[in-house]
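Report on the following structure.
The values are calculated or read from the model by the stated rules, or taken from the named source; none is laboratory data. Bear in mind the structure is a predicted one, so any value in this text is a computation, not a measurement. No Cβ is skipped: glycine too gets one built from the backbone with ideal geometry, and neighbour counts run over all protein chains shown. These accessible areas exclude ligands, DNA and RNA; they are computed on the full protein's heavy atoms, side chains included. Shrake-Rupley method; radii C 1.70, N 1.55, O 1.52, S 1.80 Å.
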Amino acid sequence: MRNKTPKRRVKAKLCDDRAPATHTHDVWAMDFVHDQLATGVKIRILRVIDTYSRYAHVVDARFSYREEDAVSTLERDCKKIGYPRSIRVDQGNEFVSRDLDL
């Protein structure tokens with residue numbers, strides 16, 4: 001029998017040094033928040049927060065969020081605000097995509 005080789009995904013760079021942010025636009029934290037409307041429809045909210053100033057740069061709610069939508073939202077808002085030095089994400093399955101890693 002032939003052995004199946006596992007599919008290799010592009011993994012995000014692991015950061016061993018998690019130094020605290022020293023100024024604004026240094027480190028941003030990105031996460032999804034889930035909520036439900038009164039009609040029962042679920043929504044997903046992308047939040048991008050500056051860890052130094054605790055200012056929410058992006059709060060974008062949609063009914064469905066794909067990785068292309070997250071990348072386009074980040075690109076659009078970073079062109080207006082400016083790019084951070086690094087972005088932290090959690091280990092959730094929302095941020096496991098090739099588009100977001102690139």
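Add +1 for every Lys or Arg and -1 for every Asp or Glu among the other residues with Cβ under 10 Å from the Cβ of F63, and state the total.
Details: positive: K42, R44, R62; negative: none.
Spelling it out: positives minus negatives among the neighbours equals +3.
At 0.36 nm per residue, and after removing the present C-alpha to C-alpha distance, how many nm does the segment from I45 to D60 gain when stretched out fully? Let's see the in-between values first.
Working: separation 15, 0.36 × 15 = 5.40 nm, distance 0.54 nm.
Working it through step by step, the gained length comes to 4.9 nm.
Would any residue of the range 38-55 have its amide N under 15 Å from a label point 7 Å out along Cα→Cβ of D77? List them or say none. 44-55, by backbone N distance to the label point. Sorting I87, I49 on solvent-accessible area from highest to lowest, probe radius 1.4 Å, gives I87, I49.
FRET efficiency for the H23 to E67 pair, using the beta carbon distance and R₀ = 22 Å, is estimated at 0.15. Over all other residues within a Cβ to Cβ distance under 9 Å of A29, the charged ones net out to -1, with Lys and Arg as +1 and Asp and Glu as -1.
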